[in-house]
Structures are given as C-alpha cells and as structure tokens.
Amino acid sequence: MSESDEKPGPLAKAGSETHPRLELRLAAARLRVAALGKKSYPVLICQECARVTGWLSADGRCDSCLRHAQLEAAYADPHGGFVVLDDERPVHREAHPAHHPGALARLLGGHAARDRAIADAWLSRVDPDTTGPIDAEDGFGIEVAHRDQVVAADGTGTVIRFRTATHRFGHGVWTELETTSIAHDALLVPTEFSGGLSPDQLVDAWLDYKQAVGAVNRDRWGKDSVAREEQRAAREAREKAIREQLGVADLLDEDGL
C-alpha cells in the first residue's frame, strides 16, 4: 500500500474540527515523511494515531491501533466471554550472544587474555570516541537496534518490528535492559513492515534504522564527551588552585606585631 492509497481511519473520518489534535499529528507525520525522502520501502501514516509506519491494515490502521481496537471490541462484546490477549511474542527471537571475558581468560590464561576479551566485548557495541569512551567503562550505556517478527493483527501475514534497547556494560559484559532512552517518535524511520516485502526493501529499512540509532549514539557521546572534558578541566583547575595555595599560611609571621 502506498501513501496515496491510504484510507481514512475511524478518527480521521470525523474531520479536523472534531479532532484538531489528530489533524496536527497527521500534519507533523507528513512532515516526517517528507524529511525521510523517497525510500525503496513503504513509508505510510496511520490514519488513526498519525504514526509513521511501513505497515497498514486494509482500513489504514497500524498494527498497534488494530490490536488495540480488537481488544476494546472483545471487552465491549457482552457475549464475548473471557478475553484472551493476543500473543505478541516474536515468532523468531533474535539471539544475542553474550560476551564472557572471564571464561575466555580461564581458557587462554592470564590477565592479558582477560583484558583482550573485555576489549573485544566493548568494541562489539562501541565505536571508540565516536559513540562512547575509548576504553571499556563499567556503567556506560548505549542504544542498540533490535528486530523481531510477529503475526499481523489482521492475520494477513507477518509484521517485522524494529526497536531499541539500552545495553549497559559491566564486569566485561553487555546487559540488555528492558527499557530504552530513545522515544518512539525520535527516529524518522518506520519501525513496522510487512514480512512480505522483498529482501532488498527489508534490508534497506533495517540499515536505515540502525543508522538512525547510531546517529543518536554519536550525538549523545559528542555532547557527553564535551561535558566530561569541561568537568576534567574544572577539576584540574581546582586541584591546581589548592596546590598553589597550600603552605601560604606558613609565610605569615605569627611572632610579628
């Protein structure tokens, strides 16, 4: 479905006078689509929530809106009985191999092997001095792109979904957290696509998404590194001032008038 083929959803049919905030969101979404430019993959707008997406149902709704409508309908049906929530778990979960420098060190032996394993784990996520510190740093977090695949809410196929998660470094390993510091609307690239798209389209969408996540990490580290340098310079200035002032009191003659 192309953007020109979008059909108005239930809220959009009511008109801008009834739903002015929706109209504003739709206008903002059209600006996002224009900023993204022409792509090989679909870039669509949900007519119910104004979300920029790569997948829409036949009536112009994104997968999230369609699932929400189905759930609301099930609860509202007096003869529906017990409501069974959809299983949105991925049909194929991406494996995330863990890095265990301690175990590797035991196999290869010595601190050098352990340090090398920690460095390899660090470099698997961080581009030194571009998206994070040069050396491994416990407690440092970075955003990582992930993907999964679920059956579409309308049952017409599957939906491939992109998301981000914060990965935190500690004791030589990266731990994926259940949260992300990137707001959903902070990235221009859509996060849902039909599993029926061509491999080339899906690869283009995935690479664009990863590039967008990388841009966020680079921008954050650029600001963070400047702040760290300012803090370092201020700390050195304070320490220098203290060193220069130490012993000044000894120059004063306590016995003099």
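The values are calculated or read from the model by the stated rules, or taken from the named source; none is laboratory data. No experiment lies behind these values; they were computed from the predicted model shown. Virtual Cβ from ideal backbone geometry, glycine too; neighbours counted across all protein chains shown.
Quick notes
For (1) among the small types (Gly, Ala, Ser); (2) under 30 Å from Asp185 (Cα atoms); (3) assigned to a loop (DSSP other than H, G, I, E, B), each residue gets a yes or a no:
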site: Gly214; (1), (2), (3): yes, yes, no
site: Asn217; (1), (2), (3): no, yes, no
site: Trp221; (1), (2), (3): no, yes, no
site: Ser225; (1), (2), (3): yes, yes, no
site: Gln231; (1), (2), (3): no, no, no
site: Glu236; (1), (2), (3): no, no, no
site: Lys240; (1), (2), (3): no, no, no
site: Arg243; (1), (2), (3): no, no, no
site: Asp253; (1), (2), (3): no, no, yes
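- Residues satisfying the stated conditions in segment 201-217, i.e. over 13 Å from the mean Cα position of the chain (by Cα), of a type outside the set (Val, Ile, Thr) and either modelled with pLDDT under 95 or surrounded by fewer than 17 Cβ atoms within 10 Å (Cβ to Cβ) (or both): Asp204, Leu207
- Qualifying residue in segment 193-204 (condition: under 28 Å from Arg67 (Cβ atoms), touching a strand residue (DSSP E or B) at 6+ places or on another chain (Cβ under 6 Å) and not in a strand (DSSP E or B)): yes
- The conditions of being among the charged types (D, E, K, R), in contact with a Lys or Arg (Cβ under 9 Å, 6 or more places away or on another chain) and either on the phi > 0 side of the Ramachandran plot or surrounded by 14 or more Cβ atoms within 10 Å (Cβ to Cβ) (or both) are not met by Asp185.
- Output for segment 159-173, where each listed residue is of a type in the set (Ser, Thr, Tyr) and surrounded by 19 or more Cβ atoms within 10 Å (Cβ to Cβ): Thr164
- Residue match in segment 232-243 (condition: outside the structural domain of Ala34 (by TED's automatic domain parsing) and under 21 Å from Ala136 (Cβ atoms)): yes
- Annotation for segment 131-153: at least one member residue is under 23 Å from Gly222 (Cβ atoms), touching a Pro at 6+ places or on another chain (Cβ under 7 Å) and surrounded by fewer than 13 Cβ atoms within 10 Å (Cβ to Cβ).
- Filtered by the rule that a residue be surrounded by fewer than 20 Cβ atoms within 10 Å (Cβ to Cβ) and hydrophobic (A, V, I, L, M, F, W, C), segment 35-59 gives Ala35, Leu36, Cys49, Ala58.
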